[in-house]
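Before any comments, here is the structure.
The values are calculated or read from the model by the stated rules, or taken from the named source; none is laboratory data. Here the structure is a predicted model, which means the values were calculated and not measured. So basically every Cβ, Gly included, is an ideal-geometry build from the backbone, and we count neighbours across all protein chains shown.
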Amino acid sequence: VDPVQFETGIDAALLAGATRLRLVACGTSYHAALMGRHFLEHWARIPTEAVIASELRERPLLDEPGLTYIGVSQSGETLDTLEALRHVHKQGFPILAVTNVQGSSLTRLADETILTRVGPEVGVAATKTLLGQVTTLAILALELAQARKTLDEPTLERLAHELRRLPRVLEETLGREQELGVMARQLAQAEDLFFLGRGVHVATAYEAALKFKEITYNHAEGFGSAELKHGPFALLSPETPCVFFVPAGEGRQKVLGNMVEVAARNAKVYAIVQGETADLEGIVDGYVKVAGGDVVGPLAMSLAGQLLAYHAAVGLDRSVDMPRNLAKSVTVE
Ligand code: G6P
């Protein structure tokens with residue numbers, strides 16, 4: 001069997017000298033960047049941060065040798081992302097683009113581009129493009145891990161195998177649509193709800209909440225579930241359902257602990273769960289099971305979050321593809 005080879009097609013020289021990475025993005029792309037940061041740090045062992053483009057423009061440009069920027073933008077035309085990268089480009093920092101649109105302004109600005117190649121996305125709220133961005137950043141992290149020898153061959157093989165399973169895992173998650181629809185209709189009745197997770201699923205929670213508010217117009221917030229005690233606890237009541245993203249392995253016990261704390265405050269507790277479900281009995285008011293895994297897990301969880309927002313929005317008779325006040329691509333300040 002040939003050894004597995006991860007290739008994004010970019011010139012390896014761009015990242016060969018990178019000692020730190022900074023992902024720059026807006027909206028859903030920022031949440032993809034947060035998930036990408038998780039992969040880049042865990043697998044390629046490169047210190048990485050994800051920043052909101054408009055905020056980067058407010059920061060002073062410091063002398064940071066070895067820093068490489070990665071612009072993440074579905075359209076490649078978001079003004080805040082472009083302006084932030086123009087700002088750092090003037091200082092000579094190398095820039096890699098991750099975008100869905102060949103020939104976009106972002107590709108013209110960047111030194112190298114990886115196209116996510118998921119086809120045009122029609123709906124204003126980003127869905128398949130998030131999955132494409134996260135998958136692309138995962139492959140980039142694996143390519144760097146391979147080049148830097150930060151993961152051993154069996155682990156690379158296992159993750160490659162997982163990536164090959166991705167289409168099947170997404171099909172399976174779509175197969176949960178009916179159960180997710182039942183949960184969504186319950187969530188749609190609440191004026192405020194919370195999505196919660198830990199580790200990589202803090203980003204999953206942020207994105208699920210963004211999707212939910214974008215297309216249902218109901219108020220939803222995402223939090224790292226350990227942060228609940230630092231403020232959001234005050235908001236909990238029987239009228240504020242909480243949806244937890246519960247992983248199969250590391251971190252599960254802590255998430256379960258957070259769920260118990262929420263249930264004790266009389267809020268309804270729902271779970272999108274990977275792995276076993278017996279330990280949820282007595283804690284949750286409902287759960288839907290999705291596939292686990294280091295790469296496919298966050299993608300399956302994210303798709304479940306998208307389906308919750310979709311079914312809640314349909315139930316509320318919202319315009320799912322064209323939500324009010326929003327634009328597919330924001331090319332103004
Ligand atoms: C707009 C869209 C969002 C998108 C964001 C960033 O706000 O409504 O869905 O996530 O722009 O867009 P980009 O094209 O840069 O990924």
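Numbers at a glance
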| read-out | value |
| --- | --- |
| Candidates THR331, THR240 - the one that is under 24 Å from the mean Cα position of the chain (by Cα), of a type in the set (Val, Ile, Thr) and within 16 Å of the ligand (Cβ to nearest atom) | THR331 |
| Top-ranked residue in the range 55-85 [being acidic (Asp, Glu) and within 16 Å of the ligand (Cβ to nearest atom); ranked as farthest from THR116 (Cα to Cα)] | GLU55 |
| Tabulated pairs, the range 111-132, first of a type in the set (Ser, Thr, Tyr), second part of a loop (DSSP other than H, G, I, E, B) and near the ligand (Cβ under 9 Å from one of its atoms), C-beta under 6 angstrom, 6+ apart or interchain | THR116/ASN100; THR129/GLN74; THR129/ASN100; THR129/GLU121 |
| Selection from the range 91-128 of residues that are assigned to a helix (DSSP H, G or I) and within 16 Å of ALA33 (Cβ to Cβ) | LEU106 |
| Criterion violated by SER54 - all others in (1) in a helix (DSSP H, G or I); (2) buried (at least 22 other Cβ atoms within 10 Å of the Cβ); (3) in contact with a helix residue (DSSP H, G or I) (Cβ under 7 Å, 6 or more places away or on another chain); (4) not aliphatic (A, V, I, L, M) satisfied | (2) |
| Meets criteria (under 30 Å from ALA271 (Cα atoms) and not charged (D, E, K, R)) for VAL134 | yes |
| Qualifying position, being within 16 Å of the ligand (Cβ to nearest atom), in contact with a Phe, Trp or Tyr (Cβ under 7 Å, 6 or more places away or on another chain) and part of a helix (DSSP H, G or I), among ALA313, ALA309 | ALA309 |
| Single unsatisfied condition, ASP192 versus (1) surrounded by fewer than 19 Cβ atoms within 10 Å (Cβ to Cβ); (2) touching a residue at least 60 places away in the same chain (Cβ under 8 Å); (3) within 27 Å of SER237 (Cα to Cα) | (2) |
| Check on VAL243, among the β-branched types (Val, Ile, Thr), outside any helix (DSSP H, G or I) and either closer than 23 Å to LEU34 by Cα or without any contact (Cβ under 8 Å) to a residue 40 or more places away in the chain (or both) | yes |
| Output for the range 316-328, where each listed residue is surrounded by 13 or more Cβ atoms within 10 Å (Cβ to Cβ) and within 16 Å of the ligand (Cβ to nearest atom) | ARG318, VAL320, MET322, PRO323, LYS328 |
| Among (1) near the ligand (Cβ under 9 Å from one of its atoms); (2) modelled with pLDDT of 95 or more; (3) out of contact with any Ser or Thr (no Cβ under 8 Å at 6 or more places or on another chain); (4) of a type in the set (A, V, I, L, M) - the single one VAL124 does not satisfy | (2) |
